[in-house]
1. Let me have the relative contact order for the range D:230-289, percent, based on Cα pairs under 8 Å that are six or more residues apart.
2. Which loop GluC sites (Glu not before Pro) in the range C:173-245, with loop taken from DSSP, have no more than 13 other Cβ atoms within 10 angstrom of their Cβ?
3. Would you work out the Kirkwood radius for the range B:144-306? I mean one over the mean of 1/r across all pairs of different Cα atoms, in Å.
4. Compute the projected area of the convex hull of the Cα atoms of the range C:8-132, averaged over all viewing directions, and report it in nm² to one decimal place.
5. Report the label-to-label distance for C:ASP202 and B:ARG47 in nanometres (one decimal), using points 7 Å from each Cα along the Cα→Cβ vector.
6. Okay, helix-only estimate at 222 nm for chain C: each DSSP H run of n ≥ 4 adds -39500 (n - 2.57), divide by all residues, round to 500 deg cm²/dmol; what do you get?
7. Given B:LEU232, B:TYR209, B:ILE182, which one lies farthest toward the positive end of the charge dipole of the range B:144-306, if we put +1 on the Cβ of every Lys and Arg and -1 on the Cβ of every Asp and Glu?
8. Rounded to whole Å and ordered largest first, report the semi-axes of the equivalent ellipsoid of the range A:98-198 derived from its Cα gyration tensor (root of 5λ).
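The values are calculated or read from the model by the stated rules, or taken from the named source; none is laboratory data. Here the structure is a predicted model, which is why all the values come from computation and not from measurement. FYI the Cβ positions are ideal-geometry reconstructions off the backbone, even for glycines, and counts take in every protein chain you see. Note: areas computed on protein heavy atoms with side chains; ligands, DNA, RNA excluded. Shrake-Rupley method; radii C 1.70, N 1.55, O 1.52, S 1.80 Å.
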Number of protein chains: 4
Amino acid sequence: MSKYVLGQNQYGKAENRIVKIVRKGNEGSWHEIRDLNVSVALRGEFRDVHLTGDNGNCLPTDTTKNTVYAFAKEHGVTSPEDFGTRLAQHFTNSQSVIHESQVRLEEYAWDRIPVPTRRDQHSFVRSGQEVRTSQVTFNKHTGQLQIVSGLKDLTVLNSTNAEFHGYIKDKYTTLQEAYDRILATKVTARWAYSAAAAADPDTDWDRLYKKARRLMLEAFAETYSYSLQQTLNAMAERIMDHCPQINEVRLNLPNKHHFLVDLEPFGLKNDNEVYFAADRMYGLIEATVHRDGITPVIATSDWITA
Amino acid sequence: MSKYVLGQNQYGKAENRIVKIVRKGNEGSWHEIRDLNVSVALRGEFRDVHLTGDNGNCLPTDTTKNTVYAFAKEHGVTSPEDFGTRLAQHFTNSQSVIHESQVRLEEYAWDRIPVPTRRDQHSFVRSGQEVRTSQVTFNKHTGQLQIVSGLKDLTVLNSTNAEFHGYIKDKYTTLQEAYDRILATKVTARWAYSAAAAADPDTDWDRLYKKARRLMLEAFAETYSYSLQQTLNAMAERIMDHCPQINEVRLNLPNKHHFLVDLEPFGLKNDNEVYFAADRMYGLIEATVHRDGITPVIATSDWITA
Amino acid sequence: MSKYVLGQNQYGKAENRIVKIVRKGNEGSWHEIRDLNVSVALRGEFRDVHLTGDNGNCLPTDTTKNTVYAFAKEHGVTSPEDFGTRLAQHFTNSQSVIHESQVRLEEYAWDRIPVPTRRDQHSFVRSGQEVRTSQVTFNKHTGQLQIVSGLKDLTVLNSTNAEFHGYIKDKYTTLQEAYDRILATKVTARWAYSAAAAADPDTDWDRLYKKARRLMLEAFAETYSYSLQQTLNAMAERIMDHCPQINEVRLNLPNKHHFLVDLEPFGLKNDNEVYFAADRMYGLIEATVHRDGITPVIATSDWITA
Amino acid sequence: MSKYVLGQNQYGKAENRIVKIVRKGNEGSWHEIRDLNVSVALRGEFRDVHLTGDNGNCLPTDTTKNTVYAFAKEHGVTSPEDFGTRLAQHFTNSQSVIHESQVRLEEYAWDRIPVPTRRDQHSFVRSGQEVRTSQVTFNKHTGQLQIVSGLKDLTVLNSTNAEFHGYIKDKYTTLQEAYDRILATKVTARWAYSAAAAADPDTDWDRLYKKARRLMLEAFAETYSYSLQQTLNAMAERIMDHCPQINEVRLNLPNKHHFLVDLEPFGLKNDNEVYFAADRMYGLIEATVHRDGITPVIATSDWITA
C-alpha cells in the first residue's frame, strides 16, 4: 500500500476559445456575436489514472473540448451562465465516474460599428477593458448547482473625494496623511448567486451582469472614501442592496497609486494636478461581504486553506 | 584611431507615466483627465559619452523625465501632439549638442462614470481597448517638425462579406477557397500629418484622432473584402479621402483567424456559426498608402533598412 | 444593524521588488545577490476600516513596504523562507489587532558571469525561466507557522516515452489513441513543509529548494507516461520519497500540446519529427498528493471552496 | 487614376511555432531538439491584391506556413540562419511576382535533464531567459542575402564598478551624481553578418551565436562604466574585435534602475545593500556601432525614417 494519498484533483481542457455567430432578422442579415473562453475541470474517480496508467476512467480533455464546440451549435450560447450550466450538468451526468464538473468562462464584449449606409449588421469592435467571468459547478451527489459570476480588469479612478489618515503609526511609518488624493483601482469582482436564482430558468443573466457592473461603478463614484477598504465595502453592499439574487460578493482591489510629483525644485506648485501613475508596488485590498446567515462560498486568494 | 564608427544613436527616459487632472467649472468641481505614457529620445553629439566616459554632453534621462512632469504643469496637456511638440522643441533647443528630439506618446482613454445624484464630475472608468499613439520629432538643423499619430490594439470583426480565393496554388497549397468567412484583425495604424498641419496652431488633434478612427472603422465595416490587403487599402484611402491634413497611412493588420469547427463527427452542420478563435500563427499584412507626390516617412517594421 | 457580514478580508502592500547585495571576502569584493518580489497580507480586526471610515486599526500598506526594506538591512535575506518568516512574525506580533500575516515571495535566480581576468565578483546574468516561490503564514492565536514553497514556469519536455490510450469514448470523441507522443508541460509546484521543519532554525531552505526541483525533473524524465496525471503523481511522490520535511505536494500541469504536422499532402512522411507547438487550448491537470494521515493545507485553484 | 500610391508592403504568416526532433545514435535514442518561432514576409507585385480584389499574385499565408513545416522535414533545421536562408531563397525564387522575402526566427533554448539512470536522452528543460533571433532577407534582383542575428531578453547586472556624473545640469536637473551604483539592463542585440559570411556554407552559426553572446557578457562584466552608453559601446566593439564575420552591432539597452532605499528614517545606514528594482520609467539607450567603411543596414527603432 502506498504511504501517499491522492487528494483534490481535477482535469479538463482549458481556454477553449469559441466565437458564436447568430443570424437573425431579414434573411439572417442581423448578426449577433458571443465571444467566450471556456475552461472545463472534471472531478471524480481518477485514482487509477494517476497511479496505474489505466485510463479507463478518463474522459479525454480533447473530448471536453469537442463537447464545448458541439454544445454551442446544439444548444446555443444565450449567456455564459446558461452555457456553463448546460456543460457542467452534461459532464457530471455523462459518466458515472465524474462526480462534479466545473466550467469557467470569460466573455469578451463587442460593440456594433455604426454604419450609416446600411441596415444589416455584421461589423463589430471590441469594447471596454473588462472581461466578464463566470464559474459554474455542478455536483451530482449533492445536487448542488453553484454559479459565481463577476468581472476583471475594470479600471476606475476618482480624482478627489478620497482621504487617508488616522492610521496606526509605528517605527516604520513614513507615510504622510492625505486629505485629498486620487483613488484608483482595477476591479476584480465575483458574486455568488443564490441556489434559487441558479435553478430558475427565467434568471436573466445578461441583465444581472450589467446591473451589478453599473451598481459597482455608481458606488465607487458616489462613496466619499476614507480608505479603499471602505469603498470596497460600499461596492459590495450596493450590489446586494439591489440584487436579491446575489448573496455574497468578493472584491480584489489593487490600489493603483498615483503619486503627486514634487515640482518645487522647478519653482512650480503642484496643486493636485500632475501625478506619476505607478505600476508596482501597490496596495492590495481583498474582502468578502455576504448576507447574514449565509455561508460564503467564494474562495479567497489564499494559497493555503484557512 | 578607432576602426569602428558610432552610427545612429539616441537615448532618453522611456515610459514616463503621467496623469494630469484639470479642474473646471463651478469651484473646480468638473474634472478632466489626460493619461499619458511619454518616452523621450535625444539625438546629437554624444560620441564622447560612448567612447571616453566624458558625460559633458549628456543631459541625463532623469532630467528629461523631470521636464515631462514640469511641462505638464507649466504648459498643460491639451493633446498628445501638442504636448509632444512642446517637449521635442524644448529638448532640441535647450542644448547646443542636441540636434533632434523625438517624443513618443501613448494616451489611454477614460469615460465618465454616470452618477445620477450629482452634477460635479471626478469619476472615470477606462474605456475602449485601443491606445492612441503619437510621435513628434523636431530637428533644429532642418527645422522640420514631423508628427505621426495613430492607434494600436483596436480589434474589429466582420462576420460575413469576406471571401478569399483565386490565389496562387503551388506544391504546398492546402487551403480551401473561402466564399464567406469571418474577417477579424487588431489594427495598428499610423498616419503622418503634413508639415502645414503640424505647424498650424489651430489643428484640432483630438478631433482629427476621433475622425481618423471613425473613418477606419467605417471603411472596415463597409468594404466587401476579397483579401485583408484590400480592406487595408480601403481603410487607408478612406482616411486620406476625408482628412486633407494626412498624407500617408501605414497599417499593420494581423489576420486573426477564426476557423470553422468541424462538427460533422457529431452529426451537426456548422453553417458559419461556431468558430475557433486562434492565437497563433496568424497572417500579418502590412502596407503604406500615401498621396501621390509625397515621400513616405513612416518607418516600416523592418529590422533592416530597405 | 447591518444585514451584511464582513467575511474573510486582508490587505497589504503587494509586489515589493527588492534586490539585496551582500559583500564578502577580500575587502568586500565578492558580491552575492538576492532578488525578491515580496507581497504582504494582514488579517485581523479591520471591521471599522471597512464600515466606518475609522482607520485606527489600519497599519498602512506603505508601512508594510518600509518594513520589508528595513528588515532586509536589519536581518539580511538568507532565503525567501527565512525572510518571509521574520516578516510574518513581525507583522503578526507588532499590533494587537493583527491576528495573522501572510508573506508571499518570488525569487529570481542569477548566475555569475564568468570573467577570466579577475577574481572579484560583482557581475550577474539572470538564469533559468522558473521563479522560486514561497508563502509564509503566521497566526498568533494558533501559534501556527505554515511554510508552503514551490516554483512556477519550469517548462519541461519528453520527446518520447509517452502514450495515451484506453480512455473513455463517447459521442464527442474524435481523439486518436497515441502510442508515442511528446509530453510537455510548464510546472507550477507547491509543497508544504511540516511544522517541525518550519520551526527548525537549521532547515536549509536553499538546499531543499534545489533538491525538490531536481527530484521533480528526474521524475519527469524517468517516468514512462500513460497520462500526464501519472507523471504528475510520480513527480509529487518523488519529492516526498526523498524530502521527509515535505508532507504535501500540489502540481498544476498544463499539457502543452505538440501536434504532429500532417505532411502527407506534400508527399512527406512525418515520423515524429515535426510538431506544431500550440498555445491554446491546453489540457490542465491539477492534483494534490500528500502523506497518509496528514490534512492537506495547500489551497486548490477553485474559485469556490469545496 | 488613383491619387494614392501603394508604398512599402509585405505579408506572410507570422509566428509559426515549430518543434523539430532529431533522433541520433543507438537506435535513434539520442534526441536533439530545435524550438523555433518562424515569421515570413513576402514583398513583390501585390498592387492588384490591394486595389482590385484580384488575388492572382497572392501566395496565401497558409501556404507559407505549410512550407515552413515541410522544409523542416525536407531539409532539417541545422540553425535558424540556415533554415531562414533556405526559406527566404525558396519564397523569393518560387514565384516571379515575389521579389524579396524576409524570414524572422526566434529560437528557444533547451538543456538536457541529467538522468543518472540511463544513457538515451529525450528529456529537456527550457533554459535561460534570452531568446535567440535571426532575420534573413533575400532579394532576387540584387542577389543580396542579408543575415542579421541577435538575441533579446538577456538580463545582466553589475553591483558595482559603475558611476555617473559630470553631466549637463539645467533648470530641471535634480539627479545626484553617483560614484558607485548598480548597472543593470535587459539586452536586445542585433548584429549584421558580412555578405561573405552569409554566403559561406561553412559558417558555423551556432558557434558564432554562442561566441557573440559570451563576448557581450564579458564586456559588460569587465567594463568599468561611466555611463550605460559607454558599456554599450564596449559590448559592440568586443563582438567585432573577435568576430570578423560581423560588421555592425546595434544594441537597445533599457537602464533597469535600482534605487537605493532611504533607510535613515528607521535609523539604518544603507551602504549600497538594499535596492528597489523599478519597472518604469527607465532610461533607454540605443546605438549602432559598425566597422569603418561599412554602410549600416540594421534598422533603428524609429517610427519614421531618418
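1. Values: 73 pairs, mean separation 24.1, N = 60.
RCO, the range D:230-289: 40 percent.
2. On the way: sites: C:GLU177, C:GLU218, C:GLU222, C:GLU237; in loops: C:GLU177.
Hits after loop and neighbour filter: C:GLU177.
3. Numbers: mean 1/r = 0.0566 Å⁻¹.
By the Kirkwood definition, the hydrodynamic radius is 17.7 Å.
4. Working: hull surface 36.5 nm².
With the hull built on Cα positions only, its mean projection is 9.1 nm².
5. So the two model labels end up 6.7 nm from each other.
6. Details: 6 runs with 73 residues, N = 306.
Estimated from H runs of four or more residues: -7500 deg cm²/dmol.
7. Positive-end residue among those listed: B:TYR209.
8. Working: eigenvalues 289, 175, 21 Å².
Each semi-axis is √(5λ); the values are 38, 30, 10 Å.
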